[in-house]
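Chemist: Okay, here's the structure, questions in a sec.
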Amino acid sequence: MMSNPVDIILSFVLVSVLLSFGSDRVLMLIKLVGFQGVVISIIPFFIGDHMSTGGTIFTLTTLVIRGIIIPLSIFVAIRKGAIRRVVEPIVGYHASILCGLAVIIGATYLSGRLAIGSASGFKLMEPTAIALLATGMFLLMTRRNAIAMVIGYIMMENGINLVGSGLSVSTRHIVEFGILLDVLAGVMIMAVILRNIKQTFDDVDTALLRTLKD
């Protein structure tokens, strides 16, 4: 039975993971990844015994970048590029939801087998991290919309960050902040690439890239 706030809020992240599998709208995926970013960013406040001033600043900055700047950057890219907001799936939505359930169940089972050694007392930390990694990979492989693929990449990074949150409370901030800046730079670059794809093909369906010739 969940008795701590970390497991309670991570249970909502798992719900958002399941919604990501069944969502057919880019805007919904943006909101979900923004929500996940906010939740993962505040986890250190619950697992750190003594948050220093620098650690607090890093954590709040991470929250702003994950929960506001990155989702807003993707939204602006969609608005400026007049990109379609419907996600074209390779795997159907009903089948995707079933895959989502399998991912959550599998992540729960696998986390018990791996024994990563994350923060003790938080039962859902490892399952949620594994589920985010698997969800990001699923979106990358089964969605033809380039925006959805970018969101999948961000979800994978969220999962990696969640794993790191419980491993080293004292030294993780600088490493995670550096990774986060790389992700932010990647999102900015992808926004430019998406705009060029849109101008060339009048769509961001990645299947159209097959028509390119050397």
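The values are calculated or read from the model by the stated rules, or taken from the named source; none is laboratory data. On a predicted model such as this, the values are computed, not experimentally measured, just so you know. For neighbour counting, all protein chains shown are included, and Cβ atoms are generated from backbone atoms with ideal geometry for every residue, glycine included.
Chemist: Return the residue satisfying two criteria in turn: it lies in region 123-150 and is buried (at least 21 other Cβ atoms within 10 Å of the Cβ) and not in a helix (DSSP H, G or I), and of such residues it is modelled with the lowest pLDDT.
Modeler: The qualifying residue modelled with the lowest pLDDT is 145.
Chemist: Can you find a residue that is outside any helix (DSSP H, G or I) and surrounded by fewer than 24 Cβ atoms within 10 Å (Cβ to Cβ) anywhere in region 26-47? Quick ask: steps written out before the conclusion?
Modeler: To start, the set of residues in region 26-47 that are outside any helix (DSSP H, G or I) comprises none.
No, because not a single residue in region 26-47 is outside any helix (DSSP H, G or I) and surrounded by fewer than 24 Cβ atoms within 10 Å (Cβ to Cβ).
Chemist: Restricting attention to region 63-74, does a residue exist that is hydroxyl-bearing (Ser, Thr, Tyr), at pLDDT 80 or above, over 26 Å from residue 123 (Cβ atoms) and part of a loop (DSSP other than H, G, I, E, B)?
Modeler: First, the residues of region 63-74 that are hydroxyl-bearing (Ser, Thr, Tyr): 73.
Next cut, at pLDDT 80 or above only: 73.
Next, only the ones that are over 26 Å from residue 123 (Cβ atoms) stay: 73.
From the residues that got through so far, the ones that are part of a loop (DSSP other than H, G, I, E, B) too are none.
No: region 63-74 contains no residue that is hydroxyl-bearing (Ser, Thr, Tyr), at pLDDT 80 or above, over 26 Å from residue 123 (Cβ atoms) and part of a loop (DSSP other than H, G, I, E, B).
Chemist: Suppose we filter 117, 166 for residues that are modelled with pLDDT under 75, buried (at least 18 other Cβ atoms within 10 Å of the Cβ) and not charged (D, E, K, R); which single one remains?
Modeler: Working: 117 fails: buried (at least 18 other Cβ atoms within 10 Å of the Cβ).
After applying the criteria, what remains is 166.
Chemist: Pick from region 151-163 the residues that are surrounded by 22 or more Cβ atoms within 10 Å (Cβ to Cβ) and either at pLDDT below 75 or among the hydrophobic types (A, V, I, L, M, F, W, C) (or both): which of them is nearest to residue 30 (Cα to Cα)?
Modeler: Looking at residues that are surrounded by 22 or more Cβ atoms within 10 Å (Cβ to Cβ) and either at pLDDT below 75 or among the hydrophobic types (A, V, I, L, M, F, W, C) (or both), I get 151.
Chemist: Going by what's in this entry, would residue 16 be described as at pLDDT 90 or above and outside any loop (DSSP other than H, G, I, E, B)?
Modeler: Numbers: at pLDDT 90 or above: yes; outside any loop (DSSP other than H, G, I, E, B): yes.
Yes, satisfied.
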